[in-house]
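The block underneath contains the structure these notes are about, expressed in structure tokens.
Every number in this text was worked out from the coordinates using simple rules, so none of it is lab data. Here the structure is a predicted model, which is why all the values come from computation and not from measurement. In this analysis, Cβ positions are derived from the backbone assuming ideal geometry, glycine residues included, and neighbour counts consider all displayed protein chains.
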Amino acid sequence: MTFNRFIVTLLSARPQKRELLPKTQLADFPTFFPCGASLFRPWHLTRHLRHIGKISTHYSRSQQQPWNRKPLSIYVTQYFSNWLRWFIPQSEELIENWKKSVLTPNNAAIYNYQQSPAWEALYPTHKKSNNSTTLKLAFSLFTDWFNPLSNKADRKQVSLGVHALNCLNLPPNSRWKVESTFLSGLVPEPAQPNMVTINNILKVFVDEILRLDSGIIIKTPQYPNGHRVVVRLGFLIGDLVANHKVAGFASHSATRFCSWRDCSKADLHQLKIGRLLQKRHVKHHSLAFKKFPNEAEPTRMVKKTGIRCSELNRLAYWDPVGIMHNWFEGMIQNHF
């Protein structure tokens, strides 16, 4: 499987010319100036060839081109649409058979995602645009960070992030297999990204999800001429830290710590449940982040509301406060 490399955390690219910019031109807010930090460090291709002969390893600044520099940080990702063209032909029959078995009229109990109200909210059946030949897929997004070195004893904390998707249309015994898992990206080490960086990383993925929402044509054995495939995100899976960071909420230790209800840390001793957060309210505050001219305004709003910016809120069907959209690790497998 081929991975496409994008230097996202520190590097911006021009897709038309595929030029790698030597210095960052990104700014956190519209009124901020780009820091102009170098995105590469010197990396001489001949440093390991000194035993062969007298090879000069010294270059002037004018001679050092991007091809002999090493990026400071690399975000490894791949195109979701390319993976779907590989995944759908070999899984289409399994998906259709499982759909027929769970949607039979005799099944009154809900034991699968496609029977739940969450599926009805994701793909309403009353819409006239529904086509019987359209393959409608729902994927879960799993996000977590782990230490690949496993060396906490000597205090070396390294965090490597993973974004992975699984098709919810498959039966449970095939849903979580490696061949059914799409690795969206590996967030580079050594530390977890902040709220600005995680949105820069997710932007590439959400842009493609928005394109897949209108459907793409994929050729399969059942449809040699191709048929339309639509993909949407069903829910987010992760621990408390990952859910709050990706979904666009303040930390669990913040003043407004809850992602479902309007609760304040000062009211914890009263054991009083706050009012439920509304989807429209959360999305309004989340999308307003991009309009703030400086860093002070977003900081004040996070302390007041507990809501941050999230790229997932660009999806029209996404409910950031829906229980089905914020599952902790290990809960989904016990219910579906």
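Here are the numbers for the structure shown:
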item	result
Distance between modelled label sites at ARG261 and ASN173, nm, 7 Å Cα→Cβ extension	4.1
FRET efficiency, VAL196 to ALA109 (Cβ-Cβ, R0 51 Å, nearest 0.05)	0.70
Inter-probe distance in nm under a simple model that places probes 7 Å from Cα toward Cβ, at LYS291 and LYS99	4.0
Förster-model FRET efficiency, 51 Å R0, ARG85 and LYS303, C-beta, rounded to 0.05	0.65
Shape call, the stretch 184-289: gyration tensor on alpha carbons, a/c limit 1.5	prolate
